[in-house]
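Remarks on the structure that follows.
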Amino acid sequence: TEQATNLLTQNIRLLENFKVMYDSLADIKDTINRNIRYTFGDQLSDRIPNPDGRGFITEREYMISQGMIPLEMNVIRKTVKALVGVYRQDKLEPVAIARTRDEQKLGEMMSIAMQYAYQQNNLHETNARGYEYFLNGALVCFRTGFDWHSDRKISDVVAELCDIERMAWDDNTTGKYFE
């Protein structure tokens, strides 16, 4: 039917737009993955042109071909672990501060709501993991909203880290998902 054809065309356009947005983040994703490899000790796997003119080799392979012993000294991981450790030690409670006396009650209600969200989602740990990801890749994204919790049989607030490999957004950052 015509309605089904229109819906299919609309969905195909939606997927094509998403693919363009997803592909536009390829350089950022490659940089983040490289930084993570560096942090976890793989600092010689970048590919460089092969001196003999045939394709590419890793920096490690190049050093070995030159008779050198490739050594890696990982000071990045120690620094990241130390910073995240300091962050984890400082478990401050989220607090909303009212700007006027009239809004003080609203501020208290918001503080209680934020503390509940922190407890239900273990946000101290989630934020620590997000901070570690930020230190490695300079980009961290969270998803917040409401989801159904089958074990508790309620719809409740959810805040979780997002995988950058599964994300896309429009290059104009207008906040519109798709035209």
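Helix-derived [θ] at 222 nm for the chain: sum -39500 (n - 2.57) over DSSP H runs of at least 4, divide by residue count, nearest 500? Please list the in-between numbers first.
Numbers: 6 runs with 90 residues, N = 179.
Theoretical 222 nm ellipticity from helices: -16500 deg cm²/dmol.
To the nearest ten degrees, helix 2-23 and the longest principal axis of the Cα atoms of the chain are 60 degrees apart.
Here Lys91 is the anchor, and the lysines within straight C-alpha reach of less than 18 Å, apart from those fewer than 8 places off in the same chain, are Lys81. Rounded to the nearest 10 degrees, the inclination of helix 104-121 to the longest alpha-carbon principal axis of the chain is 50 degrees. Relative to the current alpha-carbon distance between Gln120 and Lys81, full extension at 0.36 nm per residue lengthens the span by 11.5 nm. Annotation: amide H-H contacts under 5 Å for Ile57 (H modelled 1.01 Å from N, sequence separation of 5 or more, or interchain): Ile48, Asn50.
Seen against the Cα atoms of the chain and their longest principal axis, helix 76-89 is set at about 10 degrees.
Taking the square roots of five times each eigenvalue of the Cα gyration tensor of the range 34-131, the equivalent ellipsoid has semi-axes of 51, 14, 10 Å, listed largest first. Residues whose amide H falls under 5 Å from that of Val158, counting only those 5 or more places apart or on a different chain, are Gly145, Phe146, Asp147, with hydrogens built in the peptide plane. For the chain, the equivalent ellipsoid built from the Cα gyration tensor has semi-axes of 40, 30, 14 Å, listed from largest to smallest.
Laboratory data are not the source of any read-out in this text; all were calculated from the coordinates shown. None of these values were measured; they are calculated from a predicted model.
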